[in-house]
Amino acid sequence: MEDNKFKNLLSILKAMQSVLLAYSGGVDSTFLLKAIQVSGVTALSVTASSELIPYRDVLTAQGVAEELGIQHRISNRHTFNR
């Protein structure tokens, strides 16, 4: 049954053609990032950086995205004020 759910997820991603993922680096968003990689769609992952998130976690998220070949950006509160 889980295999069908994953295939359904891949179908949904492929239908989107491109995606933007708010990527925290946690288990759930890493699973989605891997699914995005498997689906082959164009993607951009974005990790928020703030005083509440240890910067090493942000860098780890960036490293995982790079390992999977997914474009990644780090966004901080100054980015939102532009």
Odd one out for residue 39 among (1) in contact with a strand residue (DSSP E or B) (Cβ under 7 Å, 6 or more places away or on another chain); (2) of a type in the set (Gly, Ala, Ser); (3) at pLDDT 95 or above: (1)
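How about the chain: which helices (runs of 4 or more DSSP H) wholly inside it have at least 3 residues that are open to solvent by less than 100 Å² (accessible area, probe 1.4 Å) and among the small types (Gly, Ala, Ser)? Working first, answer last.
On the way: elements: 2-16, 27-39, 55-68, 77-80.
The helices (runs of 4 or more DSSP H) meeting that bar are 27-39, 55-68.
The values are calculated or read from the model by the stated rules, or taken from the named source; none is laboratory data. Keep in mind it's a predicted model, so treat the numbers as computed, not measured. We place every Cβ from the backbone using ideal geometry, glycine too, and count neighbours over all the protein chains shown. With ligands, DNA and RNA removed, areas are computed over all heavy atoms of the protein, side chains included. Shrake-Rupley method; radii C 1.70, N 1.55, O 1.52, S 1.80 Å.
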